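In what follows, a structure is listed as structure tokens, so that the remarks can point back to it.
The values are calculated or read from the model by the stated rules, or taken from the named source; none is laboratory data. What you see is a predicted model, and the numbers here were worked out from it, not measured in a lab. Ideal geometry is used to build each Cβ from the backbone, glycine not excepted, and the neighbour counts take in all protein chains shown.
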Amino acid sequence: PDPDKCMAASDYNAFKGAHEDLRDEIYRMRFYNAKSYGAFGNGSADDTSEIQDALNAASTAGGGTVYVPEGTYMIASVGSTRDCYSPRQGGISIPANVHLMLAPGATLKAITNSSDFYNIVRMDGSNSRLSGGVIQGERATHTGSTGEWGYGISICGPANNVTVDNIV
């Protein structure tokens, strides 16, 4: 992974110089900031692929923590299948050995849809963790007429040691 994507540029610049050694330490800890992968968190842009890219980078490195700063991150939660193991299912997928850590002011919000089924976050791997922040569905803005059956968090497959904490 790219060491510069392990933390936001503004965070890096805040302790550049006197704390140059911390940049390498954060890289070794495999700490990834979703905004460094292009997520906006502005409540209107679709942030699904950018957050997934950060999660995939952590997974490829063998594990790590993906941090989602304060903001509202819109998630395309509808996929083309209901198969829990399929990447086409919709939402974001937390792979094995990865922690998705939401800041207290961070919200993952489903993009308004007409589907009767969706997922915002899927936990697909063992030793995965989701913590902090808010997971918000789209019930108030749902456009379908047949009802909706959305999952804020779904745990799929043979996933052991899965932790979900401090989620509103």
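Side notes on the structure shown:
- Of all residues in region 159-166, none satisfies being at pLDDT below 85, assigned to a loop (DSSP other than H, G, I, E, B) and among the β-branched types (Val, Ile, Thr).
- Among the conditions (1) surrounded by fewer than 22 Cβ atoms within 10 Å (Cβ to Cβ); (2) in a strand (DSSP E or B); (3) within 12 Å of the chain's Cα centre (by Cα), Ser49 misses just one, which is (2).
- For region 35-74, a residue qualifies if it is among the acidic types (Asp, Glu) and closer than 22 Å to Ser126 by Cβ, and exactly one does: Asp53.
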